[in-house]
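Working notes, structure below.
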């Protein structure tokens with residue numbers, strides 16, 4: 001589905017009692033996509049160029065963490081999956097040998113190897129990434145259709161919170177109950193909390209064990 005379709009669904013869900021501008025809804029849904037990606041990241045891959053001297057590459061766009069690193073030595077048909085080397089923060093790694101075993105690590109926004117692969121080697125980085133964020137009506141969503149409800153709930157939660165905050169500045173709800181001597185609390189706050197609670201409940205229901213784990217594969221897996 002594209003953003004145009006989901007936007008229409010969200011506006012129908014929220015109703016017509018308020019004007020929901022596109023930039024506002026895009027902001028809220030992109031927030032939802034970032035939260036969703038932390039629990040259900042997209043699986044992506046990238047081929048890294050090997051020239052015999054390069055041993056670090058910029059992390060791909062949307063990169064969250066490494067899934068596995070496939071190394072095709074000399075262009076072999078079957079890969080060997082490289083293992084991660086643990087680097088203490090602030091110490092770095094100094095290449096002292098070009099001998100295998102080759103290992104990988106992430107430092108800042110860089111994906112690195114302990115030595116440069118040869119020019120006839122091939123390297124594929126399999127990684128977890130954020131889902132595509134919305135730019136305009138034609139943006140194709142990468143969140144599965146079955147989970148688009150989560151984006152709608154999160155957007156509804158943020159949208160009703162914004163209106164509740166704006167209305168509270170005007171004191172319209174308290175003023176409405178002053179004549180009767182029974183002050184009226186802002187009715188949008190419970191609605192906001194309901195949307196927020198429903199979002200988190202349904203998100204956690206989708207987790208197999210209630211906890212998501214990113215597994216890094218190695219040792220020939």
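Summary of computed values
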item	result
Entirely in the range 123-213, the helices (runs of 4 or more DSSP H) that have 1 or more residues that are at pLDDT below 85, in contact with a helix residue (DSSP H, G or I) (Cβ under 8 Å, 6 or more places away or on another chain) and surrounded by 20 or more Cβ atoms within 10 Å (Cβ to Cβ)	148-170, 188-205
Subset of the range 37-53 [over 27 Å from residue 208 (Cα atoms) and surrounded by 15 or more Cβ atoms within 10 Å (Cβ to Cβ)]	46, 48, 50
Conditions (1) at pLDDT below 90; (2) outside any loop (DSSP other than H, G, I, E, B); number of the one not met by residue 38	(1)
Test result for residue 12, in a helix (DSSP H, G or I), at pLDDT below 90 and over 18 Å from the mean Cα position of the chain (by Cα)	yes
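The values are calculated or read from the model by the stated rules, or taken from the named source; none is laboratory data. This one's a predicted model, so the numbers in the text were calculated from it and none came from an experiment. Here the Cβ is made from the backbone with ideal geometry for all residues, glycine too, and neighbour counts use every protein chain on show.
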